[in-house]
Amino acid sequence: MDNPALGAALNDPLKLLLVYAYEPTIWDDAHYAERHQNFIKESLADLNKGFLKYNTEILCVESEIISFFKNLLQKYDIATVYSTEETGLEITYTRDLNFATFCDTNTITWKEFQNNGVIRGIKNRATWRENWYSYMTAEMARPKLERSNLACIEEIEHLKAHFKCFPTQTDVHQYQIGGIFQAYKWLNSFFEDRIAHYSDYISKPELARTGCSRLSPYFAWGNLSIREVYQRALVLKKNTNFKKQYNAFISRLRWQSHFIQKFEMEHRMEFEAINKGFLNLEQPLNDEFVTRWKAGSTGYPLVDASIRCVVETGYINFRMRSMIVSFLTHHLFQHFTTISAWLARQFLDFEPGIHYGQIQMQSGFTGTNTVRVYNPVKNAHDHDNEAVFIKKYVPELRRLPVHLAIEPWTISEMEETFYGFSYGIDYPERIVDIAETRRIALQKLYGHRKSDLARAEKERILERHTIPRKSKK
């Protein structure tokens, strides 16, 4: 375990109480779902299982954080609070500001520690890459729990009578399971075997389910640190036949931090285009489009399979995530805020910085990146050419041959009779013609990119969020 905040807290000579607060106002936010709560509960249960041998456990309370500390102050003098910095939504940012004020008012020192190479308060990326590598190669903070100042289980049991606590048991479900044990299980299987297929499978919606690392929820919810995985990957890369795959994976660890850093520096991306030249782009709400997109009923099999898959399992690979956002924002020309919170609820690995950074890119709202209008038909032929993924998640198409499962609108009357399939009834007709919608979307987006404001914003974004060439390795 690599946890600087816990390591520092354990070095404090005062008695230490480990706490997780389930904050109702945070968890009621539209971005969060039961699958996220279950992952947290499983992670807490896993930690507490390991803490038993140290005669301690995490106090799991259901309370707003300030209310919890007000209650705790009636029982203890609190000198210091230790935590890891969170690059979160506006609701968590506001919570942190209020908690900082509370700590100042009550003479409590709040010590926050850097999270995965993301640096708070910087204005540009002039030295970011060097700082990131320095952090990732520094000695890990491995907390030493063999000490006497941890609050014992008897004390914690007494405290529970004064707080509303919540159970960490969960029902059986179809998502990845939270906890350090599971995190290392996925990590070990990836480095020992699955990484061999990483580069070949990463874009394939079905093969990526095992070919990718599947570590993202363990990063998002704090079971693993990027530094821990980075350092292990560097060691293993020295004696492997899969250096290309390791290099590709390691580069994505840095991109993970890059996108979170971007959100840390400009969190209004949660609500609007990062490039202000696109703020006046008209994308009239079409409720039918949004409803059919969420239901996986667009009439484009790979889009529908991807959406149904993430709803059912909490996971789809990066290319499919990009494609479904592109389909909504380009082909349906709906604003990203119509689905951003809903989609966050589906992703088990929801990480605000990555989520909104990617949505901004796929929507074409940066003004710095090439506008990529994904073609779901071409992607199906390229990455699901046997329609395995499509037929798995769109069972209406299973009795059709591959070419018709990918493009059901090409079916003939004779084929409908032969396969017992009625296009438009058994499976919906295409919601739009993507050849036409692609042309319109590109025309509108590139038209806005030419405005003086969009061009000025492009320069601002490049100056603020990109790494100067002289600092690149």
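Only helices (runs of 4 or more DSSP H) whose full extent lies in segment 1-96 are considered here, and the ones with at least 3 residues that are closer than 21 Å to Tyr184 by Cβ and either among the aromatic types (Phe, Trp, Tyr) or in contact (Cβ under 8 Å) with a residue 12 or more places away in the chain (or both) are 4-11, 34-51.
For segment 370-384, does any single residue satisfy the condition of being farther than 19 Å from Tyr427 by Cβ and touching a Lys or Arg at 6+ places or on another chain (Cβ under 7 Å)? Yes, segment 370-384 contains at least one residue that is farther than 19 Å from Tyr427 by Cβ and touching a Lys or Arg at 6+ places or on another chain (Cβ under 7 Å).
Take the residues of segment 311-323 that are assigned to a helix (DSSP H, G or I) and closer than 14 Å to Val394 by Cβ: which is least open to solvent (accessible area, probe 1.4 Å)?
Step one: list which residues in segment 311-323 are assigned to a helix (DSSP H, G or I), which gives 311-313, 318-323.
Applying the additional criterion that residues be closer than 14 Å to Val394 by Cβ yields 311-312, 320.
Details: Val311: 55, Glu312: 96, Met320: 0 Å².
Ranking the qualifying residues of segment 311-323, first place goes to Met320.
Checking Glu85 against (1) touching a strand residue (DSSP E or B) at 6+ places or on another chain (Cβ under 6 Å); (2) open to solvent by 40 Å² or more (accessible area, probe 1.4 Å), which test does it fail? Tallying (1) touching a strand residue (DSSP E or B) at 6+ places or on another chain (Cβ under 6 Å); (2) open to solvent by 40 Å² or more (accessible area, probe 1.4 Å), Glu85 fails exactly one: (2). Within the span defined as segment 54-61, one or more residues are of a type outside the set (A, V, I, L, M, F, W, C), open to solvent by 20 Å² or more (accessible area, probe 1.4 Å) and over 22 Å from Tyr218 (Cα atoms).
Among the residues of segment 443-473, write down those that are exposed (fewer than 11 other Cβ atoms within 10 Å of the Cβ) and either in contact with a Phe, Trp or Tyr (Cβ under 9 Å, 6 or more places away or on another chain) or under 30 Å from Ser251 (Cβ atoms) (or both).
Taking segment 443-473 as the starting set, the residues that turn out to be exposed (fewer than 11 other Cβ atoms within 10 Å of the Cβ) are 443, 450, 452, 469-470, 472-473.
Across segment 443-473, the qualifying residues are Arg469, Lys470, Lys472, Lys473.
Each row is one residue, and each column tells you yes or no for (1) surrounded by fewer than 15 Cβ atoms within 10 Å (Cβ to Cβ); (2) more than 25 Å from Ile122 (Cα to Cα).
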| residue | (1), (2) |
| --- | --- |
| Arg227 | no, no |
| Lys238 | yes, yes |
| Lys243 | yes, yes |
| Ser251 | yes, no |
| Ser257 | no, no |
| Glu264 | no, no |
| Met269 | no, no |
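Scanning segment 24-40 for residues that are over 16 Å from the mean Cα position of the chain (by Cα) and either farther than 25 Å from Ser340 by Cβ or open to solvent by less than 20 Å² (accessible area, probe 1.4 Å) (or both) yields a count of 1. On the stretch given as segment 148-179, residues that are open to solvent by 40 Å² or more (accessible area, probe 1.4 Å) and closer than 30 Å to Tyr76 by Cβ total 12.
Limited to segment 11-26, what total is found for residues that are touching a strand residue (DSSP E or B) at 6+ places or on another chain (Cβ under 9 Å) and either of a type outside the set (A, V, I, L, M) or within 16 Å of Phe166 (Cα to Cα) (or both)?
Taking segment 11-26 as the starting set, the residues that turn out to be touching a strand residue (DSSP E or B) at 6+ places or on another chain (Cβ under 9 Å) are 12, 14-24.
The next check asks that each one be either of a type outside the set (A, V, I, L, M) or within 16 Å of Phe166 (Cα to Cα) (or both); those that pass are 12, 15, 18-24.
The total comes to 9.
For segment 289-306, a residue qualifies if it is of a type outside the set (Phe, Trp, Tyr), in contact (Cβ under 8 Å) with a residue 24 or more places away in the chain and either buried (at least 24 other Cβ atoms within 10 Å of the Cβ) or farther than 30 Å from Arg252 by Cα (or both), and the qualifying residues are Val290, Arg292, Ser297, Thr298, Gly299, Pro301, Leu302, Val303, Asp304, Ala305, Ser306. Taken over segment 91-105, the residue count meeting the criterion of being open to solvent by less than 60 Å² (accessible area, probe 1.4 Å) and either at pLDDT below 95 or more than 24 Å from Tyr32 (Cβ to Cβ) (or both) is 1. Just one residue in the set Ile425, Ile390, Ile467, Ile461 is among the β-branched types (Val, Ile, Thr), closer than 29 Å to Gln360 by Cα and not in a helix (DSSP H, G or I); that residue is Ile467.
Among Thr370, Thr417, which is among the polar types (S, T, N, Q) and assigned to a helix (DSSP H, G or I)? Before the answer, list the steps.
Details: Thr370 fails: assigned to a helix (DSSP H, G or I).
Residue meeting the stated conditions: Thr417.
Check whether at least one residue in segment 365-375 is at pLDDT 95 or above and within 30 Å of Glu85 (Cβ to Cβ), and report yes or no.
Keep residues of segment 365-375 that are at pLDDT 95 or above, which gives 365, 373-375.
From what's left, within 30 Å of Glu85 (Cβ to Cβ): 365.
Yes; the residues of segment 365-375 include at least one that is at pLDDT 95 or above and within 30 Å of Glu85 (Cβ to Cβ).
Cβ separations smaller than 6 Å between residues 6+ apart or across chains give the following pairs from segment 421-434 residues that are under 16 Å from Trp293 (Cβ atoms) to residues that are among the basic types (Lys, Arg) and modelled with pLDDT of 95 or more: Ile431/Arg292.
Annotation: Ile440 fulfils all but one of (1) open to solvent by 60 Å² or more (accessible area, probe 1.4 Å); (2) under 30 Å from Ser297 (Cα atoms); the unmet one is (1).
Restricting attention to segment 213-257, the residues that are charged (D, E, K, R), farther than 25 Å from Gly7 by Cβ and within 16 Å of the chain's Cα centre (by Cα) total 2.
The values are calculated or read from the model by the stated rules, or taken from the named source; none is laboratory data. This one's a predicted model, so the numbers in the text were calculated from it and none came from an experiment. Note that each Cβ is placed from the backbone with ideal geometry, even for glycine, and that neighbours are counted across all protein chains shown. The area values use the complete protein model at the heavy-atom level, side chains included, leaving out ligands, DNA and RNA. Shrake-Rupley method; radii C 1.70, N 1.55, O 1.52, S 1.80 Å.
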